[in-house]
């Protein structure tokens, strides 16, 4: 299948403002791009691309004074298959983990492993290891947190989501990541597009989605504590330790986001 993806973000800046943007589809999907998701700015301004420390494609701009519109429309080819399940994937002992996975065992800005370690071991010490343990964590988080956009707060951490029992998709991901790390399973945050393909209505408002990947048996596998079922049409934008590593924009000056739209739609194929 083909999926049309895109966004339109409108910022208002009282003065010229440097920004870092993480809005491009991840390089692992480059060969799937039928129509590239080129960043378009209005007014036209210089864009300097770069790769961050996690391999994500990012952009540097200086937003002019006044309104700036950032937008794209791309088309990506997708298998149309739901997320894969590998229920027999085993947990790798810490001493045998690859060096580049170790950073995803440590606490980070939104994932306080020190505060959640005792909770995690109390809940999951006797759960089966490997895939089953990660799934048990997803099941717990899915039931523990009540989803609602009214509960969104950009400063909310995994510990606060655990205490408040409310949040949005990034909070589900942060809590699951923190619990996995506490149980010695490397876990990393993912952000991207995820529409309602294959789902029954009613459909919610479209937004960028947050999920996570856990390292098991030599590979990284997709998990989604918010939806907690295999989904179709997941298009990765970026990965990092948590949402602090992959914000859609990081600005170095005052600004107001006055409009935010995300698009993810299946493209009807001609028969």
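Any read-out appearing in this document is the output of simple, stated calculations on the displayed coordinates, not a laboratory observation. Because the structure is predicted, anything quoted here is derived from the model rather than measured. Reconstructed Cβ throughout: ideal geometry from the backbone, glycine too, with neighbour counts over all protein chains shown.
General observations
- Rounded to two decimals, the Cα-based Rg/Rh of the range 1-144, with Kirkwood Rh, is 1.07.
- Helix 131-144 vs. the chain, principal-axis angle (Cα, 0 to 90°, nearest 10): 70 degrees
- The angle between the Cα long axis of helix 113-124 and the longest principal axis of the Cα atoms of the chain comes to about 50 degrees, rounded to the nearest 10.
- The range 62-149, Cα convex hull volume normalised per residue, Å³: 255 Å³
- Computed [θ] at 222 nm, deg cm²/dmol, the chain (DSSP H ≥ 4; -39,500 (n - 2.57); rounded to nearest 500): -5500 deg cm²/dmol
- Residue order, fewest to most beta carbons within 10 Å, for 57, 220: 220, 57
- Convex hull volume of the range 1-78 per residue (C-alpha atoms, cubic angstrom): 81 Å³
- Taking 198, 107, 53 in turn, the Gaussian network model of the chain (Cα-Cα springs below 10 Å) assigns the largest fluctuation to 53.
- If you look at the Cα atoms of the range 207-271, you get an Rg and a Dmax of 15.9, 51 Å.
- Cα centroid separation, the range 216-233 to the range 74-138: 10 Å.
- Cβ crowding within 10 Å, taken as a proxy for footprinting-reagent exposure, orders 112, 95 from fewest neighbours to most as 95, 112.
- Cα pair distances in the range 146-239, grouped into 10 Å bins until the bin that holds the longest one, percent each: 16, 48, 31, 5
- Cβ crowding within 10 Å, taken as a proxy for footprinting-reagent exposure, orders 62, 94 from fewest neighbours to most as 94, 62.
- Ellipsoid equivalent to the chain - semi-axes via the Cα gyration tensor, in Å: 31, 22, 18
- The Rg/Rh ratio of the range 146-189, with both radii computed over alpha carbons and Rh defined as the Kirkwood radius, is 0.99.
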